[in-house]
1. Could you please let me know if Val138 is of a type in the set (A, V, I, L, M) and modelled with pLDDT of 90 or more?
2. Considering only region 79-88, I want to know if a residue exists there that is of a type outside the set (Asp, Glu), within 28 Å of Glu9 (Cβ to Cβ), open to solvent by 70 Å² or more (accessible area, probe 1.4 Å) and not in a strand (DSSP E or B).
3. Is there a residue in region 123-139 that is closer than 30 Å to Cys71 by Cα and over 18 Å from the mean Cα position of the chain (by Cα)?
4. Of all residues in region 89-118 being out of contact with any Lys or Arg (no Cβ under 8 Å at 6 or more places or on another chain) and part of a strand (DSSP E or B), which is nearest to Asp156 (Cα to Cα)?
5. Can you name every residue in region 18-48 that is loosely packed, with under 11 Cβ neighbours inside 10 Å and touching an Asp or Glu at 6+ places or on another chain (Cβ under 6 Å)?
6. Sort out which residues of region 65-78 are in a loop (DSSP other than H, G, I, E, B) and at pLDDT below 90, and write them in order of number.
7. Report, by residue number, each residue of region 7-17 that is open to solvent by less than 60 Å² (accessible area, probe 1.4 Å) and more than 15 Å from Val92 (Cα to Cα).
8. Starting from region 155-171, take each residue that is over 13 Å from Ala123 (Cβ atoms) and free of Cβ contacts under 8 Å to residues at least 60 places away in the same chain and list its partners that are polar (S, T, N, Q) and surrounded by 10 or more Cβ atoms within 10 Å (Cβ to Cβ), counting only C-beta distances under 6 angstrom and pairs at least six apart or across chains.
Amino acid sequence: AGDQDKQTEMCTAMKALVLRAGMSAEVRDRILAAYRAMGSNVNVAVRSSATGEDGADASFAGMNATFTNICGEEQLIDAVQRCWASLFGPRVVTYRASRGFTADPAMAVVVQQMIASERSGVAFTADPTTDATDRVVVEGAFGQGEVVVSGSVEPDTYVVERDPLRLSTIRVGRQAFRLVRKPDRTQQSEDLTDD
């Protein structure tokens with residue numbers, strides 16, 4: 001327990017250093033220019049994408065921070081910085097160490113306009129468990145896609161073979177709830193029935 005407490009303390013300190021460092025004016029200006037080009041106060045998802053995140057030998061999916069329903073310039077800049085800081089969360093640091101990753105951690109942050117989706121999903125152009133490129137794996141769920149990315153529900157999974165193009169496997173997951181966007185642009189959880 002003492003080692004775990006020390007690790008948590010060190011990770012908190014590292015995350016604070018990242019947040020205190022902030023971002024350069026050039027990066028901030030580019031982020032805000034791209035955000036403004038989307039329109040006025042557009043709702044966005046701010047998604048982490050760490051190097052080596054998904055592959056046959058590693059999967060960081062759901063470990064680094066992702067923020068949904070972000071609206072406004074200051075919220076956007078804050079969310080990007082918190083994504084970067086999430087590289088130093090205890091779970092991520094432990095996972096990197098267990099996999100022998102010694103390179104400096106790096107992360108891209110993807111900013112995507114959000115819609116009030118009824119169904120969402122993620123498509124992998126290579127099988128994330130085997131790296132096979134002869135198929136596409138699609139995972140889907142009701143509501144906003146964060147439940148798929150975070151692993152908080154068991155998504156439906158579809159495997160599509162590329163040649164010949166055909167749906168080869170369907171596995172229906174268990175989804176007890178979905179996330180939906182409320183009129184005030186925040187999100188809420190709604191329970192789902194077995195049907």
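1. Values: of a type in the set (A, V, I, L, M): yes; modelled with pLDDT of 90 or more: yes.
The answer is yes for Val138.
2. Within region 79-88, the subset of a type outside the set (Asp, Glu) is 79-88.
Filter again for within 28 Å of Glu9 (Cβ to Cβ), leaving 79-88.
Restricting the remaining residues to those that are open to solvent by 70 Å² or more (accessible area, probe 1.4 Å) gives 82.
With the extra rule that they be not in a strand (DSSP E or B), the set shrinks to 82.
Looking for residues that are of a type outside the set (Asp, Glu), within 28 Å of Glu9 (Cβ to Cβ), open to solvent by 70 Å² or more (accessible area, probe 1.4 Å) and not in a strand (DSSP E or B), one finds at least one in region 79-88, hence yes.
3. no
4. Gln113
5. Within region 18-48, no residue meets the criteria.
6. Scanning region 65-78 gives a single hit, Ala65.
7. Residue satisfying the conditions is Ala16 alone.
8. Short answer, once both residue conditions are applied: Arg171/Thr157.
The values are calculated or read from the model by the stated rules, or taken from the named source; none is laboratory data. Keep in mind the model is a prediction, meaning the values are calculated, not measured. FYI the Cβ positions are ideal-geometry reconstructions off the backbone, even for glycines, and counts take in every protein chain you see. Ligands, DNA and RNA are stripped out before the accessible areas are found, and what is left, the full protein with its side chains, is counted by its heavy atoms. Shrake-Rupley method; radii C 1.70, N 1.55, O 1.52, S 1.80 Å.
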